[in-house]
């Protein structure tokens, strides 16, 4: 059974899952409700040039399916536990592997102080900790400069703990904070692993090559997020910081020489804004991501990689009625800030326009058009473009249509 057919069959089954889960598994334990939610979505992608996110989008692809279910329970008034299971198939990514997306125990002692631990969603920017909830967003495809589908499993959560709280500033609003630390998870079906295993850097360009087998990656991560709900109604300002220390382990296929890549610097510094007034919402994020790493080549020579990326987006949406919402965003990433920004191999600029239809209380349908300038490839920092699905090279510009049907309960 091919991937597209699997996606269609799987989605048909999942249409009934939210209602079934809701009806069967909402229950109480010692008088306290256990909340169960589920979601699923199916996408169709078509591009006039280039293949995107490892799918065969240039001929049309339905190989974009995801689904999940989560359960939450307040054990006491101040103590909550919960977990989410998730699976997806996006071209060559995910491959239906079931994941424990997050699993957390959360104890809130005061409004201004709480702790949580386990596999905890990472507070980074506006939407990182809710990017799995398609039904909350206008977009069929979130701005890939900041929320890339291919590295979702690497960024959505960390294995460790948080300290968090909300501090009232009285007349000047309130301040929410999160400080966290732990380990970055290793997603064997991620874009990072796919890119490293299917391409190699030759004379500054990534070419198709089954050069490496990646066994694991990960390492310590720590960071913080501060979010100010201002006294101006609807205006939120925030900033985030994340530091990673990642080690990739594997071997070269040709000679079985061990392959190791280790970051000497990998940071994300983010600022963001959101403003909502009535049916109108504006949001924007800006990130700096300096990254340096060392690795050994297939001849065991030591090489270095240095990147200083900048990425961000501005977005606006307006709800016309209870059933219809429209929006647009401009998303961009420049891989090496010191290099020529106009080089298509050094940037991806994406202009998207979306119409969202809320078909029922539990179903939505999104139609989205993309004009994409640039086709940057980087194995360890991918943003949709890979060498292997594009063996004849990449065109510098492309147009893409995205349709996405979502269900949630």
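Bear in mind these aren't lab numbers, they're just calculated from the coordinates by the rules spelled out. Here the structure is a predicted model, which is why all the values come from computation and not from measurement. We place every Cβ from the backbone using ideal geometry, glycine too, and count neighbours over all the protein chains shown.
Structure values in brief
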{"read-out": "Mean residue ellipticity (222 nm) of the chain, computed from DSSP H runs ≥ 4 via -39,500 (n - 2.57), nearest 500", "value": "-2000 deg cm²/dmol"}
{"read-out": "Three-way shape call for segment 268-378 based on the alpha-carbon gyration tensor, with the a/c threshold at 1.5", "value": "prolate"}
{"read-out": "Peptides ranked, highest mean first, by Cβ atoms within 10 Å: ranges 397-406, 245-254, 300-309", "value": "397-406, 245-254, 300-309"}
{"read-out": "Helix 3-14 vs. the chain, principal-axis angle (Cα, 0 to 90°, nearest 10)", "value": "10"}
{"read-out": "Separation in nanometres of the label points that stand 7 Å from Cα toward Cβ, at residue 306 and residue 320", "value": "5.1"}
{"read-out": "Whole-Å distance, taken between Cα centres, linking segment 201-222 and segment 343-409", "value": "23"}
{"read-out": "Whole-Å distance, taken between Cα centres, linking segment 90-107 and segment 30-64", "value": "14"}
{"read-out": "Relative packing of peptides 230-241, 96-107 - highest average C-beta neighbours within 10 Å first", "value": "96-107, 230-241"}
{"read-out": "Peptides 181-188, 338-345, 152-159 ordered by average Cβ neighbours within 10 Å, highest first", "value": "152-159, 181-188, 338-345"}
{"read-out": "Rg [Å, one decimal], Dmax [Å, integer] - the chain, C-alpha atoms", "value": "21.3, 66"}
{"read-out": "5 Å binning of all Cα-Cα separations within segment 38-162, expressed as whole percents from 0 upward", "value": "2, 10, 17, 21, 19, 12, 8, 5, 3, 2, 1"}
{"read-out": "For segment 67-136, alpha-carbon Rg relative to the globular expectation (2.2 N^0.38 Å, N residues)", "value": "1.28"}
